[in-house]
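J.: I'd like to ask you about the structure that follows.
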Amino acid sequence: MAESPITVFFDGHCGLCHGLVRFLIARDPSGSRFDYAPLQGKYCATAIPRAQRQRLPDSVAVRTHDRQLLVKSAALLYVLMRIGGAWRAIGIALKILPPSLLDVGYDFIARMRRRLFSTPAATCPLVPPDLQHRFHP
């Protein structure tokens, strides 16, 4: 029996986060691995308790099948492992590094992302009809 998709919560105002979503869609054409929801959306507000939402970074978070909420480098490593193939190998290689060091790198990129990656023209860009079922409001 195939697993259901895990939810990737992303900053709807961030060009890098939108790029990550496009990257994942390209590597998951069937939609069996991931679905998506903006951190600023209604789905996030109902799916994640308020106290937990307030502690989330404004970038990317992943909710696993066991309802664990992963953030920062833990979220990205989980996604890399779930993609599989060479991306899984990269995830395994990165796991050699201590999580605290990976999070320092994550935080550095997160601080620079708005300067390095353009903000999407619209907070919620139009999603093609064939992909709409993979996005929560």
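J.: Tell me the per residue accessible area of the range 34-95 using a 1.4 Å probe; a whole number in Å² is fine.
T.: 53
J.: Right, another one. The chain: Rg/Rh from Cα coordinates, Kirkwood Rh?
T.: 0.94
J.: Can you show me the helix-derived [θ] at 222 nm for the chain, built from DSSP H runs with n ≥ 4 at -39,500 (n - 2.57) apiece and divided by the number of residues, rounded to the nearest 500.
T.: So the helix-based figure for the chain works out to -14000 deg cm²/dmol.
J.: Hey, another quick one. Among Pro29, Pro98, Pro38, whose mean-square fluctuation peaks in a Gaussian network model of the chain (Cα, cutoff 10 Å)?
T.: In the Gaussian network model the winner is Pro98.
J.: Can you tell me the length gained on complete extension of the stretch Arg67 to Leu94, counting 0.36 nm per residue apart and subtracting the Cα distance?
T.: Separation in residues times 0.36 nm, less the Cα-Cα distance, equals 7.4 nm.
J.: A follow-up question, please. Let me know the Rg and Dmax you get for the range 58-121 when you use only its Cα atoms, in Å.
T.: 12.8, 38
J.: Among the trypsin sites (Lys or Arg not before Pro) in the range 1-98, which ones are in a DSSP loop with at most 11 other Cβ atoms within 10 Å of the Cβ? Mind listing them?
T.: Here the sparse-neighbourhood loop sites are Arg55, Arg67.
J.: Would you mind checking which residues have amide H under 5 Å from Tyr36's amide H? H placed 1.01 Å from N; only 5 or more apart, or other chain.
T.: Val8, Phe135, His136
J.: Can you tell me what share of the DSSP beta bridges in the chain is antiparallel? A percent to the nearest 5 is fine.
T.: In the chain, approximately 55 percent of DSSP beta bridges are antiparallel ones.
J.: Give the relative contact order (percent, whole number) for the range 21-116; include only Cα pairs under 8 Å separated by 6+ residues.
T.: 18
The values are calculated or read from the model by the stated rules, or taken from the named source; none is laboratory data. Just so we're clear, the structure is a prediction, and the values are computed from it rather than from any experiment. Note that we place each Cβ from the backbone using ideal geometry, even for glycine, and neighbour counts take in every protein chain shown. The protein model used for the area step is the full one, side chains on, heavy atoms only, and it has no ligands, DNA or RNA in it. Shrake-Rupley method; radii C 1.70, N 1.55, O 1.52, S 1.80 Å.
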